[in-house]
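The values are calculated or read from the model by the stated rules, or taken from the named source; none is laboratory data. None of these values were measured; they are calculated from a predicted model. So basically every Cβ, Gly included, is an ideal-geometry build from the backbone, and we count neighbours across all protein chains shown. Heavy atoms of the whole protein, side chains included, go into the accessibility calculation; ligands, DNA and RNA do not. Shrake-Rupley method; radii C 1.70, N 1.55, O 1.52, S 1.80 Å.
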Amino acid sequence: MIKYKGIAARQFFILTFGLTIGTSILVTPSGLAHTAREDAWIASLCSLLINILMVVLYIAIARLYPGKTIFQMNELVLGKILGKAMSLIYLFYFLILTGTLLGNLGFFITSEMMPETPIEAIQILFLIAAIMCARMGIIILARVGELMFPWIVFLFMVLLLSLIPQIDWNHIKPILEDGWIPVANAGFHSSMFQELIVLMVFLPLVKGERKGEKALLWGAVAGGIVLSVTVLLSVLILGIEQTENSTFPAFALAKTINVGNFFQRVEGILITLWVLTFFIKISLLFLSMLHGIKTVFRLKEQNHLIYPFSVLFIIVAWNTYINTVYVANIIQQVWASYAFLHLLVIPFGLYLIGLSRTKILKSK
Amino acid sequence: MNWHFVLITFLLIVVVTETRHLIRLRSLRDMIVFYAVWGLTLLAIIGDMLELTELRPLDWISIMMQPLNRLIS
C-alpha cells in the first residue's frame, strides 16, 4: 500500500483558499460597509493587499527555518521556555478562534435557517465532522478539499452570474468621498479576520518548498478576490444601509436572486459554499491545535486529545458567542488589535530575531 | 435537553477508553497532558453549568488588550 506523507501544492492552495473565505464570506461585507461606506469594495482590496503582505512575511520566516512549523520556530527563535510560552499563546488564540467560529455557525443556522433546532445540536453535529477529520489527519482533509473545490467554484459562479442582472452602479457612488483613511481602516480591520498564520503549521508538509509558498500566496489572493467580489456585489445590490445593518449581508444578498421569476430562493447555494469552507477552516484550526500541543509537550501521539478538546471547543463556543451585541462589541473594539498581535506583530518580531540570529551564526 | 449532562457523560466515556490506550502507549508525558486537558474541560463544563460569567474568554482578551487599545487610540 502506498503511504502518502505530504500534501500537494494544489491541495495546499485549496486549503488556503478555504481558510481565507471561511466565515468571512458571510460577515465581512457588513463590517466593511460600516466603516468605508460606498468604498467597502476598495477596502476589501486593501484587506487583500494586507493579507498578501502577511503571506510574504510568513514566507520570509519559513525560508529562515525551512521545514519547521510555527511552533517549532517559536522554540528555535526564542529559546525553549519563551518559545513554548509563545506557542501556548498561539494555542489559546486558535482555541478562542475555533470556539467563536463554532458559535457563529450555530447562531447563523438557528437564526436564519433552522430556528427550532437547538444551537447545541448544530454545533455538536459540525464538531463531529471536524473530529472525524482530526482523527484522519491533514492529508485526508487536503483530499476532501480537492473534492470540494470544483463545487465551491461552481456554486460561487452560479451566485455571481445570477446576481449580475440586479446590479445598480449608483450604489457605489461617490467613490472615495471621505478619502483613504476610512477605507484603509476598514481594510486593516477586515484583514485581521483571515488567520493565515494557521497555515504555517502545514506549510512544511507541502511537497516542494517553493511550490508550497506559491500555493499559500495564490490561495490567499484567490480567496481575497472572492471576498472582494462578494463585498462589491453586496454594496451594488443591497446598497449601503442594508449591507451595513444585516448580520449576514451575503445571505441577504443570495436571498435577492430572482432570474425571470423562475430561478429564486437559492440562498442554499451560499449556505453550501459557506459550510464547505467553514469545514476546511475549523478542521485546519483543530489540526493545528493538536499539532501545537504535540510539539510543545513533545508527545508521542495526539489523537487521545481530540475528544477532550472538542468538548472544550463547545464550552468556549457557548461562552464566546453569547449574543450578537456582545460579539459585535468585542469585534469592533478588541479583536482587530488582538489578532494584529498574533498575525503581524509576533511573526515580524520572530522574523527580526531569527534573521539576526542566522546572520550572527553565519558570521561565526 | 441537559447538554452539560451529555458532555460530562461523554467525557467519562473518553477518560475510560483513552486511559486504556494511554497505558498501552507507555508515555507518562502523554498521560499527564491528557489528564490536564481532560480536567480543564471538566472544570470548564462545571463553570458553564454554574453560569459563571468569569468564564468568558473574550472578556479576558478585552481586559488584556485594554492597555494596547489605549495606546493606539
*Does the range A:123-132 include one or more residues that are surrounded by 13 or more Cβ atoms within 10 Å (Cβ to Cβ) and farther than 22 Å from A:ILE21 by Cβ?*
yes
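When the range B:52-62 is examined, which residues are found to be surrounded by fewer than 15 Cβ atoms within 10 Å (Cβ to Cβ) and closer than 17 Å to A:LEU312 by Cβ? Talk me through it step by step, then tell me what you get.
Taking the range B:52-62 first, the residues surrounded by fewer than 15 Cβ atoms within 10 Å (Cβ to Cβ) are B:52-54, B:60.
Within the range B:52-62, B:LEU52, B:GLU54, B:TRP60 qualify.
Say we look at the range A:320-330 and pick out the residues that are surrounded by 18 or more Cβ atoms within 10 Å (Cβ to Cβ) and more than 13 Å from A:GLY106 (Cα to Cα); which of these is farthest from the other protein chains (Cβ to nearest Cβ)?
The qualifying residue farthest from the other protein chains (Cβ to nearest Cβ) is A:VAL327.
Taking the options A:LEU91, A:LEU155, name whichever one is open to solvent by less than 50 Å² (accessible area, probe 1.4 Å) and touching a Gly at 6+ places or on another chain (Cβ under 8 Å). Before the answer, list the steps.
Working: A:LEU155 fails: touching a Gly at 6+ places or on another chain (Cβ under 8 Å).
Being open to solvent by less than 50 Å² (accessible area, probe 1.4 Å) and touching a Gly at 6+ places or on another chain (Cβ under 8 Å) holds for just one of A:LEU91, A:LEU155, which is A:LEU91.
Go through B:MET65, B:MET49, B:MET31 for me and flag whichever is facing chain A (nearest Cβ under 8 Å) and either surrounded by 13 or more Cβ atoms within 10 Å (Cβ to Cβ) or closer than 14 Å to A:TRP335 by Cα (or both). So that I can check it myself, show each step before the final result.
Numbers: B:MET49 fails: facing chain A (nearest Cβ under 8 Å); B:MET31 fails: facing chain A (nearest Cβ under 8 Å).
Of the residues listed, the single one that is facing chain A (nearest Cβ under 8 Å) and either surrounded by 13 or more Cβ atoms within 10 Å (Cβ to Cβ) or closer than 14 Å to A:TRP335 by Cα (or both) is B:MET65.
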*Out of B:LEU55, B:LEU22, which single residue is within 9 Å of chain A (Cβ to nearest Cβ) and either closer than 18 Å to A:GLU120 by Cβ or acidic (Asp, Glu) (or both)?*
B:LEU55
*asked:* Just the residues that are among the charged types (D, E, K, R) and either open to solvent by less than 50 Å² (accessible area, probe 1.4 Å) or in contact with a strand residue (DSSP E or B) (Cβ under 6 Å, 6 or more places away or on another chain) (or both), please, taken from the range A:158-195.
replied: A:GLU195
_Number of the exception - A:VAL296 against (1) under 20 Å from A:GLY79 (Cβ atoms); (2) of a type in the set (Val, Ile, Thr); (3) more than 11 Å from chain B (Cβ to nearest Cβ); (4) open to solvent by less than 10 Å² (accessible area, probe 1.4 Å)_ = (3)
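Where in the range A:246-364 are there helices (runs of 4 or more DSSP H), lying fully within it, with 2 or more residues that are among the basic types (Lys, Arg) and modelled with pLDDT of 85 or more? Show your work before the answer.
Numbers: elements: A:249-255, A:268-297, A:306-320, A:324-330, A:336-340, A:346-363.
Those helices (runs of 4 or more DSSP H) span A:268-297.
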